[in-house]
1. Quick check on A:GLY94: is it closer than 18 Å to A:GLN26 by Cα and modelled with pLDDT under 90?
2. Inside the range A:19-37, can you point out the residues that are in a loop (DSSP other than H, G, I, E, B) and surrounded by fewer than 24 Cβ atoms within 10 Å (Cβ to Cβ)?
3. If A:GLY123 satisfies every condition in (1) modelled with pLDDT of 70 or more; (2) over 13 Å from the mean Cα position of the chain (by Cα) but one, which is the exception?
4. If only one of B:ARG76, B:ARG105 is of a type in the set (Lys, Arg), at pLDDT below 60, more than 30 Å from A:THR7 (Cα to Cα) and open to solvent by 70 Å² or more (accessible area, probe 1.4 Å), which one is it?
5. Those residues that are within 7 Å of chain A (Cβ to nearest Cβ), assigned to a loop (DSSP other than H, G, I, E, B) and open to solvent by 70 Å² or more (accessible area, probe 1.4 Å), I need them from the range B:1-21; list them, please.
6. Pairs please, first residue from the range B:40-53 and on the phi < 0 side of the Ramachandran plot, second anywhere and open to solvent by less than 70 Å² (accessible area, probe 1.4 Å) and part of a helix (DSSP H, G or I), Cβ atoms under 7 Å, 6+ apart in sequence or on different chains.
7. Of the residues B:ILE28, B:ILE53, B:ILE87, only one is open to solvent by 100 Å² or more (accessible area, probe 1.4 Å) and either outside any loop (DSSP other than H, G, I, E, B) or modelled with pLDDT of 85 or more (or both); which?
8. Could you tell me which residue of the range A:1-18 is farthest from the chain's Cα centre (by Cα), considering only residues that are of a type in the set (A, V, I, L, M) and in a helix (DSSP H, G or I)?
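The values are calculated or read from the model by the stated rules, or taken from the named source; none is laboratory data. Every value quoted in this text rests on a predicted model; they were computed, and no experiment measured them. Cβ sites come from the backbone with ideal geometry, for glycine too, and all protein chains shown count toward neighbours. For the accessible areas, the whole protein counts, side chains as well, though only heavy atoms, and no ligand, DNA or RNA atoms are used. Shrake-Rupley method; radii C 1.70, N 1.55, O 1.52, S 1.80 Å.
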Amino acid sequence: MPSVDATLIAEMFDRHAAALALYASQWTSLPDDCVQEALVELARQPTAPDNPTAWLYRVVKNRALNASRASQRRATHEQAAARKCGEHRFIDAGPAARAELTDTLATLDAPTREIVVLRIWGGLSWQEIADVVGGSKSSAQRNYVQALEQLRQHWEPRSCPMN
Amino acid sequence: MSDELRLPEKLAACEALLAAKPLAATGIDRDQLLYRAGWAAGAETARLARGRIAAWSFGSAAVAASLAVTIALQLRPGDGRDSIARIEDPVSVPPPVSRAAVEPRPTTPPGGTIAGRSVADPSAIEVETLLADFATGDRRPLAVRRPMRPSPVDVTQSFAVGDASYSPPAAAKTARQLLEEILPASDADPDSTGPLRLWPWAGLNFGEST
């Protein structure tokens, strides 16, 4: 097992930081913090994981869910605007360029949206996606196809959604 | 389904459109992230090294302590049993005795002589002393001369072990009778003016009616 060095951290950051932040934005309003903590946690590992990319997505998801629960507790007391788990929309306080994509993905339900982000921008295999979200590889593929179908129907009236 | 999912043409087009969308850059400072990652990796390595050092130190201390205990046990002077003083019975109770011949241990009488006279036979001095004491009423029990097993040195006892070949008389006798048995007939004369009689009490009555 190769050790975790600065080269691996830099490579993971350059290739997957943005996708990890998009992935974490499904649950928390502070996706950058979750991504940074996940990369630091990777540096603490004595040996590199078998699949660092899948490992990072799992860690980011766990941290994002924890942040979401903490945020809900704060919102209950402070009545601040926070993202609630299970809603079909993103709460993304990041750059404006991300808003259009998040609006597009907001039409999907949470489990399906997660699979789409992992497949399209994370580049994970079907088995890795099944490990992250839980369930079988066939169910992940089935949900992915359903998500693409929903997006096509959502864009169909506009015929060219990216114009 | 295989890992390579075959999508319909329309779904593949939507997939391509989504993949073409650029992702917004994160607000993470790359240099700060790498700095923090390096610190975290070094701290974790130091923590593991401390744990290993502590384990080695504890193991070395345990080995040293066990060696010290082993050496101390080996160098200890004797075991506990040797330190226990053997308490010997200072007074060995002699077996029941009868009034038989007595062979006292040679001892120096008070004053070194008997009635101012020197005696050639040291054992006779003891007998004389004993019988003198007996005459004066110091009737201490007398040990019988009979074969006995060697007993420890008895400093409190006044009499030594007798001759193993001696056989006690059949019946109890008086001191006079014993003297007559021991001494020749000429020595039994109390009025004799010859050589010194060893038994000055020849003229004394010990309960025998005249």
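1. Details: closer than 18 Å to A:GLN26 by Cα: yes; modelled with pLDDT under 90: yes.
When the stated conditions are applied, A:GLY94 passes them.
2. Of the residues in the range A:19-37, the ones in a loop (DSSP other than H, G, I, E, B) are A:25-30.
A:SER29, A:LEU30, listed by residue number.
3. Answer for A:GLY123: the failing condition is (2).
4. Values: B:ARG76 fails: at pLDDT below 60.
After ruling out the rest, the residue left standing is B:ARG105.
5. Selection gives B:MET1 alone.
6. If the second residue must be open to solvent by less than 70 Å² (accessible area, probe 1.4 Å) and part of a helix (DSSP H, G or I), the pairs left are B:ALA40/A:VAL40; B:ALA40/A:ALA43; B:ALA41/A:ALA43.
7. Numbers: B:ILE28 fails: open to solvent by 100 Å² or more (accessible area, probe 1.4 Å); B:ILE87 fails: either outside any loop (DSSP other than H, G, I, E, B) or modelled with pLDDT of 85 or more (or both).
Being open to solvent by 100 Å² or more (accessible area, probe 1.4 Å) and either outside any loop (DSSP other than H, G, I, E, B) or modelled with pLDDT of 85 or more (or both) holds for just one of B:ILE28, B:ILE53, B:ILE87, which is B:ILE53.
8. As a first pass, look at the range A:1-18 and keep what is of a type in the set (A, V, I, L, M): A:1, A:4, A:6, A:8-10, A:12, A:17-18.
Among the residues that remain, those that are also in a helix (DSSP H, G or I) are: A:6, A:8-10, A:12, A:17-18.
Values: A:ALA6: 24, A:LEU8: 20, A:ILE9: 19, A:ALA10: 19, A:MET12: 15, A:ALA17: 10, A:ALA18: 10 Å.
Result: A:ALA6.
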